[in-house]
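Values quoted throughout were computed directly from the atomic coordinates according to the rules given, and no laboratory measurement underlies them. These figures come from a predicted structure and were not determined experimentally. Reconstructed Cβ throughout: ideal geometry from the backbone, glycine too, with neighbour counts over all protein chains shown.
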């Protein structure tokens, strides 16, 4: 039970805190027009991807008619479902001028910690005509696990770490990134890309300049994700298995991965069951730390039977990265960018491999990603993308490298070779 006075105290403290924030970097996300759309906007994603600051930005722009509550506030630990109604009452007591305002906005951070929150949010939208934004890092708030009471009443948006375009905007004080890829500015862009390549796009790191600080915070993030999002959330008992799986996933990103092969390799080294292994792997997916890409096939059986390719939510989290891994990092960056743009993503493998087949609106685009095309790999890389082009009848063919730019015409197909940083900023 939480009293109305405590709720008012929290509301006023939050208002004072947000009003003192000088600047919040605007994220490049498409929020729906909620004027006629009676839905809760659900912002979900991995921890520290910037969801809370999106809520704070919305609040600052609507402070006269908005409420912000962070449900990780320890004063709300004892909050019960019946206390939720008190939040609305406390808000209108503090801001009576909003009683007849049809533009009231409630912003709830980590509300998934409160039982029956979905029913409360639905009532706010349907009966009180209040616009509601919710954000959370738990899988409980994803479209796959959200309660049936909000199904059809929510608009879910996955919040990913900074794209390279956002990273460049931040570092260049919001200059138009697409205008920086030519002339002398290209040197600045390439320098920024190397920084992005090394440390990823987690927002807090992007504001830092010191490499020691970046490495320290990355280590803290990884520990927090490990313990809070996996160990504590799922009450892990077999830490030895979890460590082995974590190490494998975070060091083998951008490669094909088979749970069956993992089981065969480790079953004599660690005591665990197949059921535990499959459950632990699912926890990584549910926590949005890793994603899997399946082989392109019209047969669902073949898609399931073939190994998946693994990608990280942010390449800054990768383990044991050396310069030899830069090609795999480029591939991870491309995957996340395609995901950000709403593509359905597969890999192609029929004797030759093409890294990505991206599908949207029944159109297919093929991407091959490599640090550079050279004498050792050019034949293999081109063969892979041409094989996909012929097999799937694709005309839009792209090879993304660190800095090469060219147009190749082979076997009647045109292949665009582009620097990845130019593609990311286009």
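Observations on the structure shown:
- In terms of its alpha-carbon gyration tensor, segment 1-158 comes out rounded; the largest-to-smallest axis ratio a/c stays below the 1.5 threshold.
- Cα-based shape type of segment 307-378, given that a ≥ b ≥ c are square roots of the gyration tensor eigenvalues and the cut on a/c is 1.5: oblate
- Highest mean packing first, where packing is the average number of other Cβ atoms within 10 Å per residue, the peptides 27-37, 248-258, 68-78, 407-417 line up as 248-258, 68-78, 407-417, 27-37.
- Here's the picture: a label point sits 7 Å out from the Cα of residue 190 along the beta-carbon direction, and within segment 402-418 the residues with their amide nitrogen under 12 Å of it are 402-405.
- Peptides 107-117, 277-287 ordered by average Cβ neighbours within 10 Å, highest first: 107-117, 277-287
- Helix axis angle, 51-61 relative to the chain longest principal axis, alpha carbon, degrees: 50 degrees
- Theoretical FRET efficiency, 1/(1+(r/R0)^6), r = Cβ-Cβ of residue 9 and residue 211, R0 51 Å, to 0.05: 0.80
- Peptides 289-295, 392-398, ordered by how many other C-beta atoms sit within 10 Å of their residues on average, highest first, read 289-295, 392-398.
- Difference of contour (0.36 nm per residue) and Cα-Cα distance, residue 256 to residue 85: 56.6 nm
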